[in-house]
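As structure tokens, the structure follows; a few thoughts come after it.
Laboratory data are not the source of any read-out in this text; all were calculated from the coordinates shown. Here the structure is a predicted model, which is why all the values come from computation and not from measurement. A quick note on method: Cβ atoms are made from the backbone with ideal geometry, for glycine too, and the neighbour counts reach across all protein chains shown.
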């Protein structure tokens, strides 16, 4: 109510600033007692007697329920409550403090002024706003921001929250993403490896336009044109070669989309992805399967591990009942065959191309991916 008094003090003197008080509740205690009404609380302290101290939140009571709460406590007695205003909120009690009078009683006063009611409501809202100033400052840094405010900060740096990601992890990730090296090839490789756990290479690509001129009879050989056998170059393109776990890696279409999203975030302005492929070179981590062949497992580098198969004996010459014998059969051991060994898997705009070591090619259309 102190803020209410400050607001009232700012008003012109033509306003009636008197609270027009009334006797709201009168109660006593069998023992020593002091009381105070402040910050919308009634606080009673005692010395002696059979009861105990009371701290009551006035915002949770009417005058009637406040009187009932006091009367229900050990050692307290309520002598009076204004019958016409018992239904009003207990927050209309005026601030004050004191002790029992000579009769051992305390009288609490309330206000009836409409101006006081209006200013008290304004004071409550201003106090709430004042308490939020500290919270506002907390929501301006990723270290202390929470919930929707942290999402707002993340949107400033284009770092959205992952599904189910908690504030404790999301806040530091916003900072890490904002200061992460970007633009050059090494930064792209490091970012992809951090996110996917797969080794990666980013290679710059230069494409040359068609050679000028085309001799079609339109251009005259009069010295107006400079003839060259080399086309003009186009820069700003790069290829990405990345390993992929074909067994436990899940959908390669989803994997491709994740990698492209990472590249889009941190690539240099004006540069573009030309091709994104799964490469089988020794410097990348890549799982491949070369088909069902006896005696060897396909490796990413293209070599085979040889195995020797010993032909089993079928027990030639073993006599059966009736004097019949089995003649010996020979079994030729199957030879290792490198045919079908996967060398490169290439993801294109329209599907997947698989190139085998023997030069054969298989194409699987999967629809547009870019």
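Hey, what's the per residue convex hull volume over the C-alpha atoms of segment 69-171, in cubic angstrom?
219 Å³
Across all directions, the shadow cast by the convex hull of segment 139-179 built on its C-alpha atoms averages 2.4 square nanometres. Peptides 97-108, 31-42, 7-18, ordered by how many other C-beta atoms sit within 10 Å of their residues on average, highest first, read 31-42, 97-108, 7-18.
Normalised by 2.2 N^0.38 Å, with N the number of residues, the alpha-carbon radius of gyration of segment 1-133 equals 1.12. A crude spin-label estimate for the pair residue 195 and residue 224, with each label 7 Å from Cα along the Cβ direction, gives 5.1 nm.
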